[in-house]
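Structure first, then comments.
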Ligand code: NDP
């Protein structure tokens, strides 16, 4: 299926590694132009080279999404390079999980800055540009813990629940301008964060993935692949999903107890 993304411009936060980079590969394969960010310069250079080798028209820029000024520069650089914006993917993030009673105020501030306020700030900066697109769209990457928090899942699960409410509120605010807003709530999906975890645990990646699938009782019996994540997100960004807005779609192999 041609997704109709050729020459669209999509900004992907956390596009230098893991799921974000997998999404950039898929978008480039669909003929989209991609602006991506991350903090680590080495990862950005590697990602940019890989995507350019796939014939991608790519802008890779260092940006910490918790810094409002850097976000302004990121959006300005994207518009300067490509002259338009059709999609925004709020993907940058990292796990922060503990018992609520063990969290500090600093834990909450850091998690809200990274996973909620960055998406709010970027949505504000991008909204009018997305409204100028014939198929403007925002996609928030969240976690299934946002719908069904487990024990010792704070602050992430609560921040992700706020991200789901943000998705719905934004979809109502921006719908009249023709901008769709959706979220994917992911379960356990292969990415660089698990490579680092396997190294830290001194186990092989295959063993870690198998253990994750078993211990979390994933109905499909395995963790997801980054390609499976990227295919769903590319579809939700594309005009082929033109009547889907305000949705939070589980991409989890059936792991979540709620749909
Ligand atoms: P990775 O750690 O593999 O990649 C994270 C990406 O985000 C990197 O490019 C990283 O680059 C970037 N990033 C992290 N912090 C910042 C920041 N402050 N500013 C800019 N970029 C940043 O993670 P995944 O690909 O696995 O995760 C992607 C998203 O999916 C995250 O939001 C994560 O919380 C969520 N998620 C993933 C799950 C999974 O199973 N994979 C499960 C549930 C949720 P750099 O470090 O150089 O900044």
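Scale the Cα Rg of the chain by the rule-of-thumb value 2.2 N^0.38 Å and send over the ratio, two decimals.
0.96
Could you pull out which residues in the range 135-162 have an amide N less than 16 Å from a spot 7 Å beyond the Cα of residue 99, following the Cα-Cβ vector?
Label zone hits: 150-155.
What is the angle, in °, between the Cα long axis of helix 41-53 and the longest principal axis of the Cα atoms in the chain? Nearest 10 is fine, range 0 to 90.
With rounding to tens, the tilt is 60 degrees.
Going highest first, how would you order 150-156, 249-255 by mean Cβ packing within 10 Å?
Highest mean packing first, the order is 249-255, 150-156.
May I ask you to order 42-54, 93-105, 10-22, 221-233 by the average number of other C-beta atoms within 10 Å around their residues, highest value first?
10-22, 221-233, 42-54, 93-105
Go ahead and set up a Gaussian network model of the chain, Cα springs under 10 Å, then flag whichever of 109, 145, 171 fluctuates most.
Sorting by GNM fluctuation, first place goes to 109.
Given the rule -39500 (n - 2.57) for each run of at least 4 DSSP H residues, summed and divided by the residues of the chain, what is its mean residue ellipticity at 222 nm, to the nearest 500 deg cm²/dmol?
-14000 deg cm²/dmol
If I take R0 = 30 Å and measure r between the Cβ atoms of residue 200 and residue 80 in this structure, what FRET efficiency does the formula 1/(1 + (r/R0)^6) give, to the nearest 0.05?
Step by step, r from the Cβ atoms, then E = 0.15.
Determine the gain in length on full extension of the stretch residue 7-residue 217; use 0.36 nm per residue of separation and subtract their C-alpha separation, reporting nm with one decimal.
71.5 nm
So in the range 87-238, what percent of DSSP beta bridges are antiparallel if you round to the nearest 5?
Percent antiparallel among DSSP bridges in the range 87-238 is about 15.
Can you sort 39, 25 so the residue with the fewest Cβ neighbours within 10 Å comes first?
Neighbour counts put them in this order, fewest first: 39, 25.
Out of all DSSP beta bridges with both ends in the chain, state the antiparallel percent to the nearest 5.
Around 5 percent antiparallel, to the nearest 5.
Taking the simple approach of a point 7 Å from Cα along Cα-to-Cβ for both residue 210 and residue 131, what is their distance in nm?
That separation, rounded to one decimal, is 5.4 nm.
For the pair residue 227/residue 150, report the inter-label distance in nm, with labels modelled 7 Å from Cα in the Cβ direction.
That separation, rounded to one decimal, is 2.7 nm.
Whole number please: convex hull volume per residue, Cα atoms of the range 28-70, in Å³.
63 Å³
Values quoted throughout were computed directly from the atomic coordinates according to the rules given, and no laboratory measurement underlies them. In this text, all values refer to a predicted model and were calculated from it rather than measured experimentally. Glycine gets a Cβ as well: all are built from the backbone with ideal geometry, and neighbour counts include every protein chain shown.
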